[in-house]
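The next block holds one structure in the form of structure tokens; read it before the comments.
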Amino acid sequence: MKGINSTNINLDFLKTRAQKLLGREIVLFKLHASGACNDAYYIETTDGGKYIVKSERTTKEFQPQNTLQIEAKVAQQISNLNLFIPTPKVCFVSEDPCMYGYHYIDGDLMIDTWPNLSEKERIRICHNLGNFHAEIGKKYTKDMAPTSGFESSQSP
């Protein structure tokens, strides 16, 4: 396939698949962030919808314990708990390609914002994150994990 960038073909395929799964026409599809195993794409649709689509990368920095499908199930269960911090609502899950989409929550990325925050703001955020994790721990129990297929290793 001389002269054709395979990355663009992959992105075009992801965009087309996401558009079909959302049932909405995509007007903006761009890389939002890259993790150790997945890429996150920011999407806007003609009707004003905003979404994030997480897609499994072919090259990973490590092999994760759980798939994106399991991550999506856990995210769905957590969003149904009605926590005090907004949690994204999952819109679709796909096995081929391995990806899922959820409604975008407006805001800034912590990695970009953190350096500009005061010490007081950082402490408040840390307290809120601690409360968030405590609330999840009370509402999302170990007994719920197997229903989503979630596996947790006790090893360091």
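Note on Lys15: lysines with a C-alpha under 25 Å away, same-chain residues under 8 apart excluded, are Lys2, Lys30, Lys50, Lys54, Lys60, Lys73, Lys89.
Using a 1.4 angstrom probe on the protein heavy atoms only, could you order Arg124, Arg24 from most to least accessible area?
Values: Arg124 130, Arg24 95 Å².
Highest to lowest solvent-accessible surface, that is Arg124, Arg24.
For segment 1-138, the solvent-accessible area works out to 65 Å² per residue, with a probe of 1.4 Å and every protein chain left in place. Each principal axis of the Cα atoms in segment 1-137 has its own extent, and those three values, largest first, are 55, 36, 32 angstrom. Taking only the alpha carbons of segment 22-78, we obtain Rg and Dmax values of 13.0, 38 Å in that order.
Spatial offset of segment 30-64 relative to segment 90-137 amounts to 15 Å, using the alpha carbon center of each.
Kindly provide the GluC sites (Glu not before Pro) of segment 24-133 that DSSP labels as loop, not H, G, I, E or B, and whose Cβ sees at most 14 other Cβ atoms within 10 Å. Qualifying residues, ordered by number: Glu25, Glu61, Glu95.
Convex hull volume of the C-alpha atoms in segment 86-146, normalised per residue: 127 Å³. Within straight cross-link reach of Lys20, meaning Cα distance under 20 Å, which aspartates and glutamates are found once same-chain residues fewer than 8 apart are removed? Result set, ordered by chain and number: Asp12, Asp39, Glu44, Asp47, Glu56, Glu95, Asp96.
The values are calculated or read from the model by the stated rules, or taken from the named source; none is laboratory data. None of these values were measured; they are calculated from a predicted model. A quick note on method: Cβ atoms are made from the backbone with ideal geometry, for glycine too, and the neighbour counts reach across all protein chains shown. Ligands, DNA and RNA are stripped out before the accessible areas are found, and what is left, the full protein with its side chains, is counted by its heavy atoms. Shrake-Rupley method; radii C 1.70, N 1.55, O 1.52, S 1.80 Å.
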